[in-house]
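The values are calculated or read from the model by the stated rules, or taken from the named source; none is laboratory data. The structure presented is a predicted model; accordingly, all values stated were derived computationally and were not measured. Cβ placement follows ideal geometry from the backbone for every residue including glycine, while neighbour counts extend to all protein chains displayed.
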Amino acid sequence: MLFSKLEKKVAFRYLRAKKRGFGSVVSWVSLIGITLGVATLIVVMSVMGGFHDVLLGRIIGMNGHIVVYHQDGAISDYNYLIDKIKQNKVVMANATSVVPIAEGQVMATAKGRNSGAMIRGIDMKNLISKTADGARFYGKALSEVKDGELVVGASLARNLNVTIGDDISLVSANSSTPTPFGSMPRIMAYPVKTSFFMGMYEYDSGYIFMPLETAQKYLNIGKAVTHIDLFLKDAENTTKVRESLMRLLPDGFIVRDWRDLNRGFVGALQVESNVMFLILMLIIIVAVFNIVSSLVMLVKDKSKDIAVLRTFGVSRKSMMRIFVLSGTTIGVIGAVVGTVLGTVIAIYIEPIRKFFQWMTGRDLFPSELYYLSELPSRVEFWTVFGIAVIAIALAFLATLYPAWKAANTDPVEVLRNE
């Protein structure tokens, strides 16, 4: 056994002592500090993980995992290019679909209101299969949307004050029409047949989908597309496919994966997650220093008892183990309680948010600011386990100096002064 019966008995007796043990204010502060630190860290890391998954999942759900562009702009013979891509064994072993896209920026106007938007021409069958999970559609089914009809984000439709059946005028300077008086922006009106709600404000308020042929006519690019999206079975497995495409495609083609296209966003999420972890870890570290203070005072207060135990033959190693067990127990209890508390809060974070929102009468999670309609959370076993282990390890390290000080107490000097 790691600890003998005597060591356990003495250690837990010191913990129960009112003056310097578990009953003391410092020990309770240490326990509560570790509990709150572990719980807060689990909740924050779970929410950060949820943000990462949901945001990237929805971004990737709207865009390909890998995107193929041409440096000159539109890709004219895209059907031949798609056939060539599909003949590559490495690509098709990892890809689920290859989708041509025609995309451009426009100004959407209706009923005296206007808003910037991104139009995306895509085959409606591909849109049905690639729309992110949880999206809701109103009006016509996507399979029934025809050439010259629009699928508009719900927030954009609300901003423009349009409903199903109303027209939206699209104004584009990039596809301008030459006239005797100069180039004029292309202005065309299309009816809204379907609206969608993705739960991500950026898309709900700024995207308009239309059949591929409609987008090609409006953007004045003929039978070309602006890029080709590849969707993979595993979003993390882009390197091999990207390298294979770069070898396969002729000069002039540019291949980017979702990490390249969202590098700033992904990097910001990672940096924020790391910084939050370090900041919240300070709560646990402060609590651990309280354990040091508590044990140092306990060693000083129990110096006579330590001297008597040493006189009766208790070894220095046993004395160290007694105080290591006393301090580590506080860390273990705090870590266990904090883990349970943090996990429960992380799992039920959205109902908890709604409860506090109802109590305060304020929107605590505005979708316009955070780009999501609800607070996401992802509880990972290894993240929770790692946080608990770190807290216990820090508590153990905090006991080493007081335990060493107790083990090196000279019984002769202590008893001589009594």
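On inspection, residue 64 does not qualify as outside any helix (DSSP H, G or I) and at positive phi.
Only one of the numbered conditions (1) assigned to a helix (DSSP H, G or I); (2) at pLDDT 85 or above is violated by residue 377, and that is (1). Taking the condition of being small (Gly, Ala, Ser) and farther than 28 Å from residue 158 by Cβ, how many residues in the range 200-250 meet it? Total meeting the criteria: 4.
Summed over the range 228-249, the residues that are modelled with pLDDT of 85 or more and either out of contact with any Ser or Thr (no Cβ under 9 Å at 6 or more places or on another chain) or over 13 Å from residue 93 (Cα atoms) (or both) give a count of 14.
With respect to residue 17, determine if the residue is surrounded by fewer than 20 Cβ atoms within 10 Å (Cβ to Cβ), on the phi < 0 side of the Ramachandran plot and either more than 25 Å from the chain's Cα centre (by Cα) or at pLDDT below 75 (or both). Judged against the criteria, residue 17 is a match. Please specify each residue of the range 109-130 satisfying the condition of being outside any strand (DSSP E or B), in contact (Cβ under 8 Å) with a residue 40 or more places away in the chain and either among the small types (Gly, Ala, Ser) or closer than 18 Å to residue 142 by Cβ (or both). Once the filter is applied, which keeps residues that are outside any strand (DSSP E or B), in contact (Cβ under 8 Å) with a residue 40 or more places away in the chain and either among the small types (Gly, Ala, Ser) or closer than 18 Å to residue 142 by Cβ (or both), the range 109-130 yields 122, 123, 124, 127, 130. The residue that is surrounded by the most Cβ atoms within 10 Å (Cβ to Cβ), counting only those in the range 200-236 that are touching a residue at least 40 places away in the same chain (Cβ under 8 Å) and more than 23 Å from residue 97 (Cβ to Cβ), is 204. The residues of the range 149-200 that are part of a strand (DSSP E or B), at pLDDT 90 or above and among the basic types (Lys, Arg) amount to a single one, 193.
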